[in-house]
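Beneath this line is the structure, given in structure tokens, with notes to follow.
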Amino acid sequence: MNFISKKLKLFAGMAAVSIGLQSCNDGFFDAQPDNLLNIENIFSNRAQTENYWGALYEEIPDIWNQPYTYSFSAITDEIDASNWVNGTLSNFNSGALSADNVPSDYVALYRKIRQCGIFIDNVDKSQELLDAQNGATLVKEYKAEAKFLRAFYYWHAMKMLGPVVILPLNSDEAADENYQIPRSSWDEGVAFILAQMDEALADLPVEHYQGGTTTVDGTQLGRINKMIVEAVKSEITLFSASPLYNGNPDLANWRNPDGKQLISQTPDPNKWKIAADQAKKAIDLAEANGKALYVKTGKDDFETAFLSVRDVYWDGYRTEGIWLRPQTNRYQWEIHAAPRAVTGTAYNGLAVLQALVDDFRMENGESIEESDTYSETSFTEEETAYYAEGVNNMYVGREPRFYAHVTFNGSPIIGAPKSGMKWVEFFPAGNSGRNGAPRDWPRTGYTARKNVHPTYSVNPSNETNRSAMLIRLSELYLNYAEALNESQPGHADVLVYLNKVRTRAGLPALESGLSQSRMREQIRMERRIELCFEGKRWFDVRRWKIPDTEGSRQGGVFEGMDMTKGTSISSPEFYQRVDAVIRADWHDRYYFLPWAQMEIDRNKQLVQVPGY
């Protein structure tokens, strides 16, 4: 059975991500699964049963598909894409988002929730599948995967919308319901999701192996297994322990019509211990099954760190990836992020905000504020593999992830360069400056470099296929360090697992003795840098309740370099901080996305997010 190409058509057509760039015109309660009237026929045939099962995977998000990046990174303090995108992105960043222009594609999520229920209720009727070799085992696994996916789609909706409406588990009851259903509280929703995932665990393998061997079956890549479930549970328990959901008095008035409190008002410190235990459980299971931080050896320690954090996305995903998406529209990411100096001319416009550039550390682990060598007024006389001679010293002596993840004025051209070109030039008349194209230039003087392959070119097309890592081991390490620091500050494992991520990235290990609050800052900064552009930041700053805090601001003015000035890589005029991107100030209603007003009007039990 070829999981990707023959049976599942997994993620066919690069299915819509869970947050879209268009308002939804259909009610999710009215969403009908495909072939609803032909259920009996579908489940009388093995091929159709497995096609239906494969389609259940379609709404798993694709983190490198452009709409996902626009909707998450480009409304955080990571990226700007305003030269290209209007509509919903502008609504986010201008403060115009409302219940009448909702971007959340909850219709698709609830459609999949309904389809998962139909599959669970009917797959046992597929006699042809049951009669196949290992048919009974397949049915149990398929049903468990559907149960997990149903729970995951609820979870993904909760991350965006807060407490959601839980439909009846029985698909027939769901179809007959009048849908005057209130939101479940956050804690009720989490308990329901975790219980469903635990039920799924009983019938899932740890990994999908080739028959009778311990060799991972590459044709089953991305299929739900125990490692994935435990990793997702780590995210769920971590979120639920966080300040936004765990004793949040700012949402005291968010109640159902019957007065039920939707967000807990009493902090429960034990939730942090639950999150720490779950993260460690997920780590231990992954490591016992061969998962490890990816390391690629270079000629010295710096190059080893650089190659490791750069190449993990195409060479290391099988080593480090926990939850993989076998197909990803990374073409959209690469062509939008790569500079115009790439052969065939890329779009050159996913602009990294100066705030993120500043947060990358110096090579010795210091912040730019702590460093005695950081300078924005001098220029290097040295050329290296990471920057050109004459580049501003603000880009010299930085940590390896900076050079792997950010393209700056004077950095090497990522991908196959056009003839005669070597360095990226963002000054106005440069090979990627604003004079060369009406929209294809970054407002901040930087573009995203992460996950752009070093051989990439547009024309002739040179693309390197790889899976997307939705959850990787480094994230689980950071989950564990964070939850343990909150539940047992000073525990040795906090530093052990935080330092695993830091040292792989070329930073020196932190020493013991940091206070809990100082350690919290280090862990949060490590998530900021290690997981940038991977769809995590939007959720992290919200669950921590810091989106209006300096250093984590999600609104206001964001700086960049002066794209209107300079004539060379070493022009001082270019390296002046200017107000490059201006967004609406933060408002607390932005913690969650609104539900469409049409749903509020239909379901009188459905209360809106406060502030909309």
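The values are calculated or read from the model by the stated rules, or taken from the named source; none is laboratory data. In this text, all values refer to a predicted model and were calculated from it rather than measured experimentally. Don't worry about glycine lacking a Cβ; one is built from the backbone with ideal geometry, like all the others, and counts go over all protein chains shown. For the accessible areas, the whole protein counts, side chains as well, though only heavy atoms, and no ligand, DNA or RNA atoms are used. Shrake-Rupley method; radii C 1.70, N 1.55, O 1.52, S 1.80 Å.
What to note about this one:
- When we screen VAL139, VAL107 for residues that are touching a residue at least 40 places away in the same chain (Cβ under 8 Å) and of a type in the set (Val, Ile, Thr), the only hit is VAL107.
- Search result, residues across the stretch 240-266 that are of a type in the set (A, V, I, L, M) and either open to solvent by 20 Å² or more (accessible area, probe 1.4 Å) or within 22 Å of ILE181 (Cβ to Cβ) (or both): LEU251, ALA252, LEU262, ILE263
- Leading residue by the ranking (surrounded by the fewest Cβ atoms within 10 Å (Cβ to Cβ)) among those in the stretch 313-372 that are among the aromatic types (Phe, Trp, Tyr) and in a loop (DSSP other than H, G, I, E, B): TRP314
- Filter result (in contact with an Asp or Glu (Cβ under 7 Å, 6 or more places away or on another chain) and either closer than 20 Å to PRO428 by Cα or among the hydroxyl-bearing types (Ser, Thr, Tyr) (or both)) within the stretch 353-379: LEU353, GLN354
- Every condition in (1) open to solvent by 10 Å² or more (accessible area, probe 1.4 Å); (2) under 22 Å from the mean Cα position of the chain (by Cα) is met by VAL102 except one, and the failing one is (1).
- Sole exception among (1) hydroxyl-bearing (Ser, Thr, Tyr); (2) under 25 Å from the mean Cα position of the chain (by Cα); (3) more than 17 Å from PRO610 (Cα to Cα) for THR266, by number: (2)
- Boolean, PRO428 is in a loop (DSSP other than H, G, I, E, B) and crowded, with 22+ Cβ neighbours inside 10 Å: no
- Matching residues in the stretch 417-471 - criterion: being without any contact (Cβ under 8 Å) to a residue 40 or more places away in the chain and among the charged types (D, E, K, R): LYS422
- Applying the condition of being touching an Asp or Glu at 6+ places or on another chain (Cβ under 7 Å) and of a type in the set (Val, Ile, Thr) to the stretch 421-461 and asking which residue is nearest to TRP64 (Cα to Cα) yields VAL452.
- Taking first residues from the stretch 233-248 that are in contact (Cβ under 8 Å) with a residue 60 or more places away in the chain and partners that are part of a helix (DSSP H, G or I) and aromatic (Phe, Trp, Tyr), the Cβ contacts under 7 Å between residues at least 6 apart in sequence or on separate chains come to ILE236/TRP155; ALA241/TRP272; LEU244/TYR591; TYR245/TRP186; TYR245/PHE239.
- Top-ranked residue in the stretch 583-603 [being farther than 20 Å from ILE546 by Cβ and out of contact with any helix residue (DSSP H, G or I) (no Cβ under 9 Å at 6 or more places or on another chain); ranked as surrounded by the fewest Cβ atoms within 10 Å (Cβ to Cβ)]: ASP601
- Qualifying positions in the stretch 445-501 - among the aliphatic types (A, V, I, L, M), open to solvent by 20 Å² or more (accessible area, probe 1.4 Å) and out of contact with any strand residue (DSSP E or B) (no Cβ under 7 Å at 6 or more places or on another chain): ALA492, LEU495, VAL496
- Extreme residue, nearest to ILE236 (Cα to Cα), among residues of the stretch 152-174 that are assigned to a loop (DSSP other than H, G, I, E, B) and among the aliphatic types (A, V, I, L, M): VAL164
- Sole exception among (1) more than 27 Å from the chain's Cα centre (by Cα); (2) surrounded by fewer than 17 Cβ atoms within 10 Å (Cβ to Cβ); (3) not in a loop (DSSP other than H, G, I, E, B) for MET394, by number: (2)
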